[in-house]
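The values are calculated or read from the model by the stated rules, or taken from the named source; none is laboratory data. In this text the structure is predicted, and so the values were computed from the model without any measurement. Because the Cβ atoms are built from the backbone with ideal geometry, glycine has one as well, and the counts that use them run over all protein chains shown.
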Amino acid sequence: MSTETILVLDFGSQYTQLIARRVREQNVFSVVRPFNIPIRAIQALNPKGIILSGSPANVYQKKAPLPDERIYALGVPVLGICYGLQVTAHLFHGRVKKIKRREYGFVRLNADVRDDLFHGLPKEMKCWMSHGDQVYRLPSGFERIAHTRTSSIAGFRDRSRRLYGVQFHPEVTHTPLGHKIFHNFLFRICRLRGDWTPQSFIRETVRSLKEQIGDEHVVLGLSGGVDSSVAATLLHRAVGRRLHCIFVDNGLLRLGERRRVRDTFRGHFRMNLRICDASREFLKALRGVEDPERKRKIIGRTFIKVFEREAKKIGRVSFLGQGTLYPDVIESVSFHGGPSSTIKSHHNVGGLPKKMRLKLIEPLRALFKDEVRRVGRVLGLPKELIHRQPFPGPGLAVRILGVVTQGRCDLLREADWIVIDEIKRAGLYHKLWQTFAVLLPVKSVGVMGDERTYEHVAVVRAVTSEDGMTADWARLPDTVLTAISNRIINEVSGINRVCFDISSKPPATIEWE
Ligand code: XMP
């Protein structure tokens, strides 16, 4: 993709992805790989620098996760973060020991040497620590570059071999000057150019898509969300009319979605767009199904079936384009026994049947969400599309608890539209990660006029989040909650009660299923 790649070796830290993002924010491409990938695979990536992540493990434990030592002989700079620093110390025969009391939270860091990694930084700065082990003795040839009140070695280097380590976490926002440390590592130590920009990404991607696709045709499931829209626009640039977008109305979409997608892509972008009403097929496949995982699998499978059928009608199609993002494909290390347990099967990944007849093409596989938005802006996609809140592949089905029927979909669609409308009216839409309504599988008693009612219950979910991995429930103003509740109960016939979800993720998830 780019000549300048930073390799982040993952030792199982919860912040590994953040490291990759901090690097990319400086216009340098980065990839995350498990700590034990073979040296040959590392050489094939031709990294210009390597960053070792943190880890819940200890370097002195049996079967401690350790990289192939030959990474240090590649001649590229290595920066170890937290456990990563201890890995370098351990492999170069320094001494790492457990400390009496875990150092956790904000710490004042004293930078002892400030001519490369800490260049331009103050002598004292706030940083964030989370460690139970510490380097007690430096390996030979290394010198200390930072300390704290309790850690005599909070940073070290071997300048001649360009090996560095910090005990704190520069990748978290709690280390306010962390971005400067990455900047120094990338530009002073690795001596990179930083030429990975949305423009260069678009150029490179379009070129490689052309090469990969040749004269073949591509189908792409266009949902109207940011990811598939950006993927479609990139593919459209690469192959023009040989891209066939298929919009599947699965009956689980938000109000007015079909019309909006048709106007934008067929009207504005002049793309080949097929609109396929498969709502009956989906609802039939979902009939009687209550289990969330089964719903997801059924929807994923039905999607592919519909695509394949539509693609056949187009003829000569060899590729299926998808807007899969990096966090969905990142191969992270799990220290809790085997691969991380499935919390929810993602529609884009988990729902795919094993025997697919089309080859997958995923132009956004290397990008995080905010990077997709930046690319979308440069591609000239409308602002309101780029900044749309995410909507899950399985759609309303994972917001309708219990069985999914036409009637329940219609009910939720109306309530959901009101939630979004009021949130936009209050100017909050772009401040929130997601806002939507959920329909519960219970009824409750109410009174309307002089009549007793026995109707459905809707829940309003509003969350703030950086990336969807963790989230907090949004403290919506009273006035907004009141307006939402009044309107849903008055305007949506069939709902007589509205609740507000006050759970954060974790331990809850954003979607209800
Ligand atoms: P959860 O519910 O796991 O959701 O906290 C995290 C984020 O992912 C979205 N989501 C999905 N997106 N296909 C998608 O494209 C899916 O199957 C899917 N499931 C959840 C969810 O809306 C939230 O933004």
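Values as computed for the structure displayed
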{"item": "Unmet requirement for Arg108, which otherwise passes all of (1) at pLDDT below 95; (2) in a strand (DSSP E or B)", "result": "(1)"}
{"item": "Condition check for Ser493: surrounded by fewer than 19 Cβ atoms within 10 Å (Cβ to Cβ), among the polar types (S, T, N, Q) and within 12 Å of the ligand (Cβ to nearest atom)", "result": "no"}
{"item": "Residue list for segment 111-152, filter: of a type in the set (Gly, Ala, Ser) and either free of Cβ contacts under 8 Å to residues at least 40 places away in the same chain or assigned to a strand (DSSP E or B) (or both)", "result": "Ala111, Ser130, Gly132, Ala146, Ser152"}
{"item": "Scope segment 206-232; condition more than 16 Å from the ligand (Cβ to nearest atom) and buried (at least 23 other Cβ atoms within 10 Å of the Cβ); matching residues", "result": "Val218, Val219"}
{"item": "Residue selected from segment 374-385 under the condition part of a helix (DSSP H, G or I) and either within 14 Å of the ligand (Cβ to nearest atom) or not charged (D, E, K, R) (or both), by the criterion surrounded by the most Cβ atoms within 10 Å (Cβ to Cβ)", "result": "Val375"}
{"item": "Cβ-Cβ under 7 Å pairs, at least 6 apart or on other chains, segment 207-231 side at positive phi, far side more than 13 Å from the ligand (Cβ to nearest atom) and assigned to a helix (DSSP H, G or I)", "result": "Gly224/Glu257; Gly224/Arg260; Gly224/Val261"}
{"item": "Those residues of segment 471-484 which are in contact (Cβ under 8 Å) with a residue 24 or more places away in the chain and more than 16 Å from the ligand (Cβ to nearest atom), in sequence order", "result": "Leu476, Pro477, Thr479, Val480, Ala483, Ile484"}
{"item": "Leading residue by the ranking (nearest to the ligand (Cβ to nearest atom)) among those in segment 386-407 that are assigned to a helix (DSSP H, G or I) and crowded, with 19+ Cβ neighbours inside 10 Å", "result": "Val398"}
{"item": "Search result, residues across segment 90-112 that are closer than 11 Å to Gln167 by Cα and out of contact with any Cys (no Cβ under 7 Å at 6 or more places or on another chain)", "result": "Glu103"}
{"item": "Of all residues in segment 23-73 being small (Gly, Ala, Ser) and not in a helix (DSSP H, G or I), the one that is surrounded by the most Cβ atoms within 10 Å (Cβ to Cβ)", "result": "Ser53"}
{"item": "Residue within segment 74-93 that is surrounded by fewer than 16 Cβ atoms within 10 Å (Cβ to Cβ) and either within 33 Å of the chain's Cα centre (by Cα) or of a type in the set (S, T, N, Q) (or both) present", "result": "yes"}
{"item": "Where a residue in segment 291-310 is within 24 Å of Leu440 (Cα to Cα) and its partner, wherever it lies, is of a type in the set (S, T, N, Q) and within 14 Å of the ligand (Cβ to nearest atom), with Cβ under 8 Å and at least six apart", "result": "Glu293/Ser345; Arg296/Ser345; Lys297/Ser345; Ile299/Asn250; Gly300/Ser345"}
{"item": "When residues of segment 189-245 are limited to those that are assigned to a strand (DSSP E or B) and not hydrophobic (A, V, I, L, M, F, W, C), the one nearest to the chain's Cα centre (by Cα)", "result": "Gly221"}
